[in-house]
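Novice: Attaching a single structure in structure tokens format; questions to follow.
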Amino acid sequence: MAFGGGWWGRAAARARRAGGLLRGEAWPWLRRPARPNSGRGAPLPPASELDKADAWLLRKSHETAFLSWFRNGLLATGIGVISYMQSDMGREAAYGFFILGGICVSYGSASYFVSLLLLRRTMMLSFSAALLNSAAVVSVALFWLCAISLYIGRLEVEIIQEDVGEKRKENGKAEK
């Protein structure tokens with residue numbers, strides 16, 4: 001029994017088309033290419049000097065983008081430290097600058113990881129070199145996080161100590 005021109009025929013045709021979309025047949029750019037060294041095709045030609053130079057430039061621009069985000073995060077954090085020391089109003093703004101610095105550092109690190117995963121072969125990086133670069137980025141981001149955590153912890157201790165000192169002064173005046 002063949003599907004006719006009724007509503008069930010149209011629904012079955014839509015389901016067949018949707019199955020093709022889910023398998024990636026409708027989008028050829030989503031198909032995984034055949035592995036070059038699988039024995040079925042010719043091996044890749046050796047990289048030319050121009051390819052190596054392009055890979056080197058891509059790697060350097062990739063690192064420069066991360067360093068730019070990290071620099072902006074450090075700058076926002078430094079402004080937060082300065083604004084905390086200036087006045088009481090600056091103390092409230094300091095936490096906003098600390099958050100902004102965290103956003104810059106975390107976005108820069110995340111975009112570095114994602115683009116490193118996507119462009120590792122284009123940059124001609126071995127897995128161990130990509131792992132080493134990732135470890136360097138993680139360590140730098142963790143050093144920033146430790147420094148800011150210690151500084152914020154110190155700020156809270158100073159705030160508590162100031163409050164205790166003020167209460168002692170008030171208690172001393174009340175007793176007299």
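Novice: Ranked from highest to lowest mean number of other Cβ atoms within 10 Å per residue, what is the order of the peptides 117-128, 133-144?
Specialist: Result, highest mean Cβ count within 10 Å first: 133-144, 117-128.
Novice: I would also like to ask the following. For segment 51-171, how big is the tail of P(r) above 17 Å, as a whole percent of Cα pairs?
Specialist: Tail of P(r) above 17 Å: 63 percent of Cα pairs.
Novice: Grab the Cα-Cα distance for Val138 and Tyr95, subtract it from 0.36 nm times how many residues apart they are, and report the gain in nm with one decimal.
Specialist: 13.2 nm
Novice: Continuing with this model, one more query. How long is the gain from Ser149 to Arg10 if the chain were fully straight, where each residue apart is worth 0.36 nm and the alpha carbon distance is subtracted?
Specialist: 44.0 nm
Throughout, read-outs are computed from the coordinates displayed, never taken from laboratory work. Every value quoted in this text rests on a predicted model; they were computed, and no experiment measured them. Positions of Cβ are generated from backbone atoms using ideal geometry, with glycine treated the same way; all protein chains shown enter the neighbour counts.
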